[in-house]
Amino acid sequence: MRTAARFVLVLCLLGVATAHGAPPLRLEPVDQAATVPEFFSFRARLQAAVARHDTAAVLAVLSPAVKLSFGGDDGVEAFKAMWRPDAPDSGLWDTLATALALGGSFDAQGRFAAPYTYSRWPSGIDVFSHVVAVGRGVRVRAAADEAAAVIGQLDFEIVGLADLTGERNGWTAVKLPSGQVGHVRSTLVRSPLDFRVGFAKKDGRWQIDYFIAGD
């Protein structure tokens, strides 16, 4: 009798959970840089160089074989050709600054990967069909318009993409745990496949090992 009662209780609880949608899965910010003071100082200098668009300083910390794509475009010369760091419209500075600003973590070999939205992405969550909010109180709107009604808020939550073709006009369509579709500013969510940067210590100095997006 007790077993039957427990079974009924479980079914009831499952029904409640289903009615209210799956519980939110959060990816809180992580930044382990300060656990290795030498690396922390190195990163701070790199961030300062990026802020002042110091091409020479960035090139100086690239690994000679820095990985830039999955198609074999590697190395310092390929980096310069791809990013055109001295061009007024180069996208390097904002892209690299954003990746560095979002923390990161060390692996078992002592290498550091940034941002945390890549390095700490939970296994089992599809990287192609999900994004994570990179702040608290990220507003989800009924339409891709700042004037649209707010239908929810995200606090570092991982949500599904409602449109796998990507952002449209600065907005990303997401699917909330309830199943409702909403829209968030694309700058406030991030895919684990967005640009990430990896660091490794070689010959006694820290270097950028890869700066890459996609899979």
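The values are calculated or read from the model by the stated rules, or taken from the named source; none is laboratory data. What you see is a predicted model; the values in this text were computed from it and never measured. Positions of Cβ are generated from backbone atoms using ideal geometry, with glycine treated the same way; all protein chains shown enter the neighbour counts.
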message = Give me the residue from region 150-177 that is among the acidic types (Asp, Glu) and buried (at least 16 other Cβ atoms within 10 Å of the Cβ) and, out of that set, farthest from Ile125 (Cα to Cα).
response = Glu167
Only listed residue being assigned to a strand (DSSP E or B), buried (at least 16 other Cβ atoms within 10 Å of the Cβ), of a type outside the set (A, V, I, L, M) and more than 17 Å from the chain's Cα centre (by Cα), chosen from Gly182, Gly198 = Gly182
query = Can you name the number of the only condition in (1) within 20 Å of the chain's Cα centre (by Cα); (2) at pLDDT below 95; (3) under 17 Å from Tyr210 (Cα atoms) that Leu25 fails?
reply = (3)
key: Counted residues, region 45-89 - those being in contact (Cβ under 8 Å) with a residue 60 or more places away in the chain, in a strand (DSSP E or B) and small (Gly, Ala, Ser)   = 1
Neighbours by Cβ (under 9 Å, 6+ apart or cross-chain): first from region 113-139, of a type outside the set (A, V, I, L, M, F, W, C); second exposed (fewer than 14 other Cβ atoms within 10 Å of the Cβ) and modelled with pLDDT under 95 = Ser129/Leu164
query = Name the pairs: first residue in region 155-170 and on the phi < 0 side of the Ramachandran plot, second residue modelled with pLDDT of 95 or more and of a type in the set (S, T, N, Q), Cβ to Cβ under 6 Å, at least 6 apart or on different chains?
reply = Gly160/Ser129; Leu161/Ser129; Glu167/Ser186
query = In region 96-133, how many are assigned to a loop (DSSP other than H, G, I, E, B), more than 16 Å from Ala33 (Cα to Cα) and of a type outside the set (Val, Ile, Thr)?
reply = 7
note = Expected single match for surrounded by fewer than 19 Cβ atoms within 10 Å (Cβ to Cβ) and on the phi < 0 side of the Ramachandran plot among Arg190, Arg205 is Arg205
